[in-house]
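> Below is the structure I would like to discuss, written out as structure tokens.
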């Protein structure tokens with residue numbers, strides 16, 4: 001599984017409400033298709049998909065593994081990225097994921113994998 005973190009500002013206004021980071025995630029299904037979604041807690045969302053309580057698509061196409069997770073500063077930017085990824089063909093999605101691999105530190109992959117069911 002690949003986890004990529006977008007750059008964020010270091011300075012933060014203590015009086016301003018803190019925005020929650022959103023994640024774009026890609027799941028490979030048992031039939032080889034790729035499901036794309038957004039969530040705040042990727043591990044919990046993946047567990048919902050795996051248990052059959054997630055999206056309708058993953059109920060019909062059970063997930064095999066989490067391929068990637070990319071952090072965005074807010075829901076809007078994650079949703080825009082999700083739309084762009086969903087427009088791609090499966091081969092282009094795989095090429096996109098392959099381009100993320102060098103960005104993933106091993107410690108991040110291990111930490112995320114431990115949280116997965």
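> Residues in segment 53-89 that are over 23 Å from residue 21 (Cβ atoms), in contact with a strand residue (DSSP E or B) (Cβ under 7 Å, 6 or more places away or on another chain) and assigned to a loop (DSSP other than H, G, I, E, B): how many?
Matching residues across segment 53-89 total 2.
> Could you check segment 21-52 and list, in sequence order, the residues that are touching a helix residue (DSSP H, G or I) at 6+ places or on another chain (Cβ under 8 Å) and assigned to a loop (DSSP other than H, G, I, E, B)?
Of everything in segment 21-52, those that are touching a helix residue (DSSP H, G or I) at 6+ places or on another chain (Cβ under 8 Å) and assigned to a loop (DSSP other than H, G, I, E, B) turn out to be 32, 33, 52.
> Looking at segment 107-116, can you tell me whether even one residue there is buried (at least 17 other Cβ atoms within 10 Å of the Cβ), at pLDDT below 90 and within 14 Å of the chain's Cα centre (by Cα)?
Yes, segment 107-116 contains at least one residue that is buried (at least 17 other Cβ atoms within 10 Å of the Cβ), at pLDDT below 90 and within 14 Å of the chain's Cα centre (by Cα).
The values are calculated or read from the model by the stated rules, or taken from the named source; none is laboratory data. The structure displayed is predicted, hence computed values, not measured ones. Quick reminder, even Gly has a Cβ in these numbers, built from the backbone with ideal geometry, and neighbours come from all protein chains shown.
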